[in-house]
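One structure is given below, encoded as structure tokens.
The values are calculated or read from the model by the stated rules, or taken from the named source; none is laboratory data. Since the structure is predicted, the reported quantities are computational estimates derived from the model, not experimental observations. Cβ placement follows ideal geometry from the backbone for every residue including glycine, while neighbour counts extend to all protein chains displayed. Accessible surface is based on the protein model in full, side chains and every heavy atom, while ligands, DNA and RNA are left aside. Shrake-Rupley method; radii C 1.70, N 1.55, O 1.52, S 1.80 Å.
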Amino acid sequence: MPHTLFISDLHLAPDTPAANEALLNFLEQTAPSAEALYVLGDLFEYWIGDDGLDQPFNQKIADAFRALAGRGVRLSFMHGNRDFLLGSRFARKSGMQLLSDPTLINLYGLPTLLMHGDTLCSDDVEYQKFRAMVRNPAWQQIFLDKPLAERVRMAQDVRGQSTQAKQAKDMAIMDVTRATVEEVLRSHAYPRLIHGHTHRPARHEHVVDGRLCERWVLADWYGQGSFLFCDAAGCRAVPI
């Protein structure tokens, strides 16, 4: 039966062997039967520019996606908060199409809105300010002009700072803001919504202006993890 798969928040890095192996197995054994695979951000723990493809680990991941594309699976990638600098060189190397955030698709007859999910966490004001800064093209150009080794060090520093900041924050602030979710659903004519980012996999129902909307939150791959399987009958989370 035709079906489409969704994943996000793998946070791959050379020092995450379990997640790395899980992805390679998924791309080789599970994903080839799908019509399409969508990666909704944070595929990598950090991405310091497409010249990072010269590093063997990143090249191996890109090659694995390219092999899947060669088997006829349509591949799409949406930027996350960790890999927002991933660009056209990686897209060509991996056989992926880059998507804007949000993107509305027709998924087996049902309008479905795809997002990474970080913009839904509007109560986290500190993060939203950081996001606005690093998504600024001028900031990105300054960063990309730095030597590769310096960018790697900076990314690793931010990685550590992010972990510390999360420990100090109220967990509720790092989840989506319900009013923001409902406004997004309203502005896109009440679709199904699929997103990642929060690492709180679940199915939610929202009643917006009397319309019932389904929201799926994708899992991270730190532990067991799962992917979302969708076909004409609906969606379900499948453990890796």
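Report, ordered by the first and then the second residue, all pairs with beta carbons closer than 8 Å, sequence separation of six or more or different chains, a first member in the stretch 124-145 that is in a helix (DSSP H, G or I), and a second member that is surrounded by 10 or more Cβ atoms within 10 Å (Cβ to Cβ) and among the basic types (Lys, Arg).
Going by the 8 Å Cβ cut-off, the qualifying pairs are Phe143/Arg151; Leu144/Arg151.
Any idea which residue in the stretch 173-195 is surrounded by the most Cβ atoms within 10 Å (Cβ to Cβ), counting only those that are touching a residue at least 40 places away in the same chain (Cβ under 8 Å) and of a type in the set (S, T, N, Q)?
Taking the candidates together, the pick is Thr177.
Name the one entry in Thr112, Thr103 that is β-branched (Val, Ile, Thr), open to solvent by less than 30 Å² (accessible area, probe 1.4 Å) and touching a residue at least 60 places away in the same chain (Cβ under 8 Å).
Thr112
Results for (1) more than 30 Å from Leu148 (Cα to Cα); (2) touching a Gly at 6+ places or on another chain (Cβ under 9 Å); (3) in a loop (DSSP other than H, G, I, E, B), shown as yes or no for each residue.
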| site | (1), (2), (3) |
| --- | --- |
| Ala22 | no, yes, no |
| Thr30 | yes, no, no |
| Leu53 | no, no, no |
| Phe57 | no, no, no |
| Lys60 | no, no, no |
| Phe65 | no, yes, no |
| Gly72 | yes, no, yes |
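Quick one: in the stretch 27-53, which of the residues that are in contact (Cβ under 8 Å) with a residue 60 or more places away in the chain and over 16 Å from the mean Cα position of the chain (by Cα) is nearest to Pro239 (Cα to Cα)?
Thr30
For the stretch 196-225, what are the residues that are under 17 Å from the mean Cα position of the chain (by Cα), outside any loop (DSSP other than H, G, I, E, B) and crowded, with 17+ Cβ neighbours inside 10 Å?
Passing the criteria: Arg215, Trp216, Val217.
Being in contact with a helix residue (DSSP H, G or I) (Cβ under 9 Å, 6 or more places away or on another chain) and buried (at least 21 other Cβ atoms within 10 Å of the Cβ) narrows it down to one of Phe77, Phe57, Phe6, so name that one. I'd like the intermediate steps shown before the answer.
On the way: Phe57 fails: buried (at least 21 other Cβ atoms within 10 Å of the Cβ); Phe6 fails: in contact with a helix residue (DSSP H, G or I) (Cβ under 9 Å, 6 or more places away or on another chain).
Every option except Phe77 fails the conditions.
Residue-by-condition table, conditions (1) surrounded by 15 or more Cβ atoms within 10 Å (Cβ to Cβ); (2) within 21 Å of Leu98 (Cβ to Cβ); (3) at pLDDT 95 or above:
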residue: Leu12; (1), (2), (3): yes, yes, yes
residue: Thr16; (1), (2), (3): yes, no, no
residue: Glu21; (1), (2), (3): no, no, yes
residue: Ser33; (1), (2), (3): no, no, yes
residue: Leu37; (1), (2), (3): yes, yes, yes
residue: Asp42; (1), (2), (3): yes, yes, yes
residue: Arg66; (1), (2), (3): yes, yes, yes
